[in-house]
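Structure first, then comments.
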Amino acid sequence: MATYAIGDLQGCYNPLMRLLDKLRFDPRQDTLWFAGDLVNRGKQSLETLRFVRSLRDAAVCVLGNHDISLLAAHYGLRKAHKSLKLLLDAPDYPELITWLAQRPLLHVDAQLGYAMSHAGIPPQWDLATAQACAREVEAELSSPRAAKWLAQVYGDQPDTWNPADSQPDRHRYILNAFTRMRYCRADGSLEFEAKGNPFEANKSPIVTTTELIPWFNTPTKQSLGVTVLFGHWSTLGYHNGNDVIALDTGCVWGGQLSAIRIDIKNQQPTCIRCDDYG
């Protein structure tokens with residue numbers, strides 16, 4: 001019985017099938033953890049959603065920013081990406097969107113020693129805070145008031161965590177932290193514009209060690225007692241260090257789809273990749 005964590009799919013169904021063949025995945029005994037962004041930009045968001053939903057208990061999937069964007073489009077809050085037309089027109093679209101809205105923002109398995117969220121866990125939070133915050137926002141996303149709630153929480157501010165903030169501000173921060181975070185400023189506030197690889201300065205001149213810091217390298221980062229798995233950062237690619245593992249290797253951008261096995265104790269996971277998507 002194996003458990004694999006897989007990076008952002010973004011509608012890349014065929015590469016997923018090739019990767020699962022390579023892993024010899026058996027849904028009767030194995031489990032897949034998906035790091036969010038099941039949909040958008042790729043050509044097969046419909047097939048991807050149908051497949052992951054069909055896995056039932058053999059799959060865990062956290063919500064990513066593109067999944068949130070689809071929910072917002074469903075409620076008429078923004079325009080859906082053109083790649084989603086087949087999904088929006090599908091006869092089973094209502095069931096798929098209901099299923100998606102019920103996915104968590106954070107999944108924790110203390111026995112395995114891992115937690116997963118799409119963008120990571122803010123450095124100011126301990127694990128209990130992260131779990132409480134996730135539950136609070138998950139309840140809104142899956143509720144009958146989700147449309148009104150989403151309309152209130154779209155935006156970039158506040159970029160600093162303050163549990164005493166009003167509920168809309170607190171929820172906006174939580175949603176952004178779990179689904180959009182990459183860099184923090186020196187004061188710990190979130191920055192949403194920079195996307196470059198922090199370890200390749202020549203490719204991301206906006207990033208300097210004194211201005212922006214990857215969220216997982218901030219000096220104030222809390223010790224969580226688990227390794228955090230996340231996606232969202234395709235320019236970072238596969239990265240393993242400081243109790244985090246980044247899994248988005250840019251399949252939809254012509255890169256590869258990556259997986260790691262996380263159920264073998266006392267063994268560093270190895271990155272397994274399928275063929276190029278492009």
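The values are calculated or read from the model by the stated rules, or taken from the named source; none is laboratory data. What you see is a predicted model; the values in this text were computed from it and never measured. Don't worry about glycine lacking a Cβ; one is built from the backbone with ideal geometry, like all the others, and counts go over all protein chains shown. Just so you know, the surface numbers come from the protein's heavy atoms only, side chains and all, with ligands and any DNA or RNA stripped out. Shrake-Rupley method; radii C 1.70, N 1.55, O 1.52, S 1.80 Å.
Out of the residues in the stretch 174-195 that are small (Gly, Ala, Ser) and more than 14 Å from ILE68 (Cβ to Cβ), which is surrounded by the most Cβ atoms within 10 Å (Cβ to Cβ)?
GLY188
Yes or no, residue by residue, for (1) in a loop (DSSP other than H, G, I, E, B); (2) over 27 Å from GLU193 (Cα atoms); (3) hydrophobic (A, V, I, L, M, F, W, C); (4) more than 14 Å from the chain's Cα centre (by Cα):
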| residue | (1), (2), (3), (4) |
| --- | --- |
| THR220 | yes, no, no, yes |
| LEU224 | yes, no, yes, yes |
| LEU229 | no, no, yes, no |
| VAL252 | no, no, yes, yes |
| ILE264 | yes, yes, yes, yes |
| GLN267 | yes, yes, no, yes |
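What are the residues in the stretch 136-147 that are among the charged types (D, E, K, R) and surrounded by 13 or more Cβ atoms within 10 Å (Cβ to Cβ), if any?
GLU136, GLU138, GLU140
Inspect the stretch 29-48 for any residue being of a type in the set (D, E, K, R) and more than 20 Å from the chain's Cα centre (by Cα) and give the result as yes or no.
yes
Do we find a residue being open to solvent by 30 Å² or more (accessible area, probe 1.4 Å), aromatic (Phe, Trp, Tyr) and in contact (Cβ under 8 Å) with a residue 24 or more places away in the chain anywhere in the stretch 161-173?
yes
For the stretch 237-248, give me the residue count where each residue is in contact with a Ser or Thr (Cβ under 8 Å, 6 or more places away or on another chain), surrounded by fewer than 24 Cβ atoms within 10 Å (Cβ to Cβ) and not in a strand (DSSP E or B).
Count: 3.
Tell me, which residue of the stretch 108-134 that is of a type in the set (Gly, Ala, Ser) and farther than 23 Å from ASP67 by Cβ is least open to solvent (accessible area, probe 1.4 Å)?
In this case the residue turns out to be GLY113.
Based on what the data block shows, is ARG103 under 18 Å from the mean Cα position of the chain (by Cα), outside any helix (DSSP H, G or I) and within 20 Å of TRP149 (Cβ to Cβ)?
Criteria met by ARG103.
Out of the stretch 83-100, which residues are in a helix (DSSP H, G or I) and open to solvent by less than 50 Å² (accessible area, probe 1.4 Å)?
SER83, LEU84, LEU87, TYR93, LEU96, ILE97, TRP99, LEU100
PRO104 fails exactly one of the following numbered conditions: (1) without any contact (Cβ under 8 Å) to a residue 24 or more places away in the chain; (2) open to solvent by less than 60 Å² (accessible area, probe 1.4 Å); (3) closer than 25 Å to ALA259 by Cβ. What is the number of that condition?
(1)
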